[in-house]
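Undergrad: Pasting a structure here, questions to come.
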Amino acid sequence: MRALKILGLAILMACLAAGCASSSKRNKFDQAAYDYSAAIRWGDFEGAWTMVDPEYRKQHPITDLQLERYKQIQISAYRDLATQTLPDGGVLREIYIGVINKHDMSERSIRYTERWRYDAEHKTWLLTVGLPDLWAGE
């Protein structure tokens, strides 16, 4: 009977530890998503770029021209419309972004889908899709 109680307690502790680990991972995601959105909202696209997966950055290097284009706009809104946890543990976020052209003060909006993955080695979340295309391919 005593062994059964000890086994039950061990199982309970393992479940609680797993829950804490997943809670910590979720807290890290919330912080990463907040930091990324703050960088975008404040126009710090170089800072936001550092949160993009290094493999993506290597395959799709950002140019000086692209960075200059980001300096020509102001972000007026950045809202999370939907968040979904994927079966592989990644996260998708559908984002609404308000964009103001600094030259003519025209405003428009875009939708942007973020895809995040957890890097267990570095214990951090990384964006796997790059910065938002605020010009719709123009």
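Rule-based calculations on the coordinates, nothing more; no lab input. These figures come from a predicted structure and were not determined experimentally. Note that each Cβ is placed from the backbone with ideal geometry, even for glycine, and that neighbours are counted across all protein chains shown.
Undergrad: Restricting to segment 32-61, what's the tally of residues that are of a type outside the set (Lys, Arg) and within 23 Å of Ser109 (Cβ to Cβ)?
TA: Residues flagged as of a type outside the set (Lys, Arg) and within 23 Å of Ser109 (Cβ to Cβ) within segment 32-61 amount to 17.
Undergrad: Outside any strand (DSSP E or B), surrounded by fewer than 11 Cβ atoms within 10 Å (Cβ to Cβ), more than 20 Å from the chain's Cα centre (by Cα) and on the phi < 0 side of the Ramachandran plot - does that describe any residue in segment 74-93?
TA: no
Undergrad: Within segment 94-116, does at least one residue satisfy the condition of being among the hydrophobic types (A, V, I, L, M, F, W, C), surrounded by fewer than 14 Cβ atoms within 10 Å (Cβ to Cβ), without any contact (Cβ under 8 Å) to a residue 24 or more places away in the chain and touching a strand residue (DSSP E or B) at 6+ places or on another chain (Cβ under 7 Å)?
TA: Within segment 94-116, none of the residues are among the hydrophobic types (A, V, I, L, M, F, W, C), surrounded by fewer than 14 Cβ atoms within 10 Å (Cβ to Cβ), without any contact (Cβ under 8 Å) to a residue 24 or more places away in the chain and touching a strand residue (DSSP E or B) at 6+ places or on another chain (Cβ under 7 Å).
Undergrad: Could I ask something else about it? Please find, within segment 117-138, the residue that is farthest from Asp44 (Cα to Cα) out of those that are among the small types (Gly, Ala, Ser) and loosely packed, with under 12 Cβ neighbours inside 10 Å.
TA: Result: Ala120.
Undergrad: Taking segment 34-58 as the search range and keeping residues that are among the hydroxyl-bearing types (Ser, Thr, Tyr) and either buried (at least 18 other Cβ atoms within 10 Å of the Cβ) or part of a helix (DSSP H, G or I) (or both), which one is nearest to the chain's Cα centre (by Cα)?
TA: This residue is Tyr36.
Undergrad: While we're on this one: Mind checking which residues of segment 89-138 are acidic (Asp, Glu) and farther than 24 Å from Gln31 by Cβ?
TA: Asp104, Glu107, Asp133, Glu138
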